[in-house]
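The values are calculated or read from the model by the stated rules, or taken from the named source; none is laboratory data. Worth saying up front: this structure is predicted, and the values here are computed from it rather than measured. Cβ placement follows ideal geometry from the backbone for every residue including glycine, while neighbour counts extend to all protein chains displayed.
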Amino acid sequence: MPKPILFGIGPESLADEGLTETIAPWEDALRAPTRRGSFEWWYFDAHFDDPATDPAARGVTAVIVFATKPIVRPGDPLRPNLSLTITRPDGSRLVRFPILSAKEFSASREACDVRIGPSRVYWSGENGRWVYKLHAKNRGVSADLTFTGLVPPWRPGAGKSYFGDKEHYFAWLPAIPFGSVEGQLSYDDHTYQVKGTGYHDHNWGNIPLAKALDHWYWGRAHIGDYTLIFVEQIAAREFGSVRIPVFLLARGEKVLAEDSRYLTMQARDFVLHPRRREYPQEVDFNWQHDSDQVCLALREPKLLEAVSLLFVLPRWQRRLARLFANPYYFRFHAQLQLSIDLGSLHETVHGPALYEIMLLK
């Protein structure tokens with residue numbers, strides 16, 4: 001019999017976690033122990049397409065992740081690492097992934113304030129907004145950015161899923177579902193002034209992801225006044241391969257739909273990547289409750305990143321690990337058609353979206 005999955009939703013779950021409906025800054029602070037068996041990361045991404053961006057850097061994207069240990073090694077002791085990826089307008093990438101000693105890590109439990117060697121990100125509430133100051137640097141690449149939340153932090157219930165019992169969990173907090181980003185990027189021996197849009201979330205837990213989940217599709221978009229987060233997670237066979245969807249549709253600061261029970265996903269027209277992993281050319285998410293419906297059609301995916309998560313292991317360990325699993329990550333930019341029929345609201349809009357596919361087996 002499959003083991004159960006318990007979802008942290010409802011007033012009782014909030015009370016158990018010491019939470020309220022209003023998200024507090026401490027929720028984005030250090031939440032998990034740094035010892036063996038627990039993991040945690042703070043993820044930031046930005047797309048610099050504002051006219052104020054240096055023309056030579058317009059269209060650049062940046063992804064920065066502060067983590068307590070590599071995602072495929074939750075059983076390790078504290079091994080702080082910084083993932084810094086700059087994707088140039090032509091699609092070529094600069095990737096830095098330094099792993100530092102435990103003594104070069106610190107994190108507050110009162111608000112997000114994480115330091116890994118010379119890199120740091122910290123929360124700075126300003127004028128009622130959630131604001132983050134970020135500095136990341138490694139081997140000739142650096143980012144000095146300010147992220148400002150334009151849509152308030154959000155979480156589905158308590159933001160936790162428990163696997164098998166109330167001791168083993170995976171948690172998630174989108175602290176900036178959509179925001180503005182500005183500052184400087186330095187790479188290729190130049191420093192560029194940049195301005196654009198961004199996103200920040202925070203994950204932590206104490207169950208290896210490959211033990212809890214088989215795969216996930218995760219995406220986000222901001223089109224006109226609408227902000228979207230859409231997720232399809234499939235649990236591991238041990239937990240019955242059940243679906244764990246997540247959905248947010250907001251207009252401005254008002255949430256229009258968030259009950260993920262009504263979300264389904266279909267993927268079609270799969271193609272084979274050179275590394276023998278498949279991904280779809282068409283992805284549809286459909287949220288429907290009674291006569292209310294929201295449809296998302298993702299088309300024309302442009303592959304931004306494709307990487308085996310085993311790259312953090314020594315070469316000899318990679319060969320051995322592939323005998324059992326080869327977790328793979330894809331990241332895409334796509335065109336999104338968003339069709340909304342909610343009560344008296346009927347609208348169809350088009351715009352860009354980012355989404356990823358994580359294959360954990």
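Details
- Boolean, S83 is under 21 Å from L304 (Cα atoms), hydroxyl-bearing (S, T, Y) and within 20 Å of the chain's Cα centre (by Cα): yes
- Matching entry among S38, S13 (being of a type outside the set (F, W, Y), buried (at least 17 other Cβ atoms within 10 Å of the Cβ), more than 26 Å from G183 (Cβ to Cβ) and modelled with pLDDT of 95 or more): S38
- Evaluation of D50 against (1) within 27 Å of L354 (Cβ to Cβ); (2) surrounded by 15 or more Cβ atoms within 10 Å (Cβ to Cβ); (3) charged (D, E, K, R) (one fails), failing number: (2)
- Flag if D49 is of a type outside the set (A, V, I, L, M, F, W, C), at pLDDT below 95 and out of contact with any strand residue (DSSP E or B) (no Cβ under 8 Å at 6 or more places or on another chain): no
Yes or no, residue by residue, for (1) surrounded by 19 or more Cβ atoms within 10 Å (Cβ to Cβ); (2) touching a residue at least 24 places away in the same chain (Cβ under 8 Å); (3) on the phi < 0 side of the Ramachandran plot:
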site	(1), (2), (3)
G164	no, yes, no
S180	no, yes, yes
A212	yes, yes, yes
I229	yes, yes, yes
A235	yes, yes, yes
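- Restricting attention to the stretch 106-121, the residues that are closer than 23 Å to L185 by Cα and buried (at least 16 other Cβ atoms within 10 Å of the Cβ) add up to 9.
- Selected residue (criterion: farthest from L6 (Cα to Cα)) from residues of the stretch 191-228 that are touching a His at 6+ places or on another chain (Cβ under 9 Å) and of a type in the set (S, T, N, Q): T197
- From R109, R115, R79, residue being assigned to a strand (DSSP E or B), of a type in the set (K, R) and in the same structural domain as A175 (by TED's automatic domain parsing): R115
- Scanning the stretch 322-361 for residues that are charged (D, E, K, R) and in a loop (DSSP other than H, G, I, E, B) turns up R322, K361.
- Top-ranked residue in the stretch 32-51 [being in contact with a Gly (Cβ under 9 Å, 6 or more places away or on another chain) and in a loop (DSSP other than H, G, I, E, B); ranked as farthest from G205 (Cα to Cα)]: D50
- Residue check, E27 within 22 Å of Y162 (Cα to Cα), surrounded by 17 or more Cβ atoms within 10 Å (Cβ to Cβ), in contact with a Phe, Trp or Tyr (Cβ under 7 Å, 6 or more places away or on another chain) and modelled with pLDDT of 95 or more: no
- Some residue of the stretch 331-348 being over 29 Å from I9 (Cβ atoms) and modelled with pLDDT under 90: no
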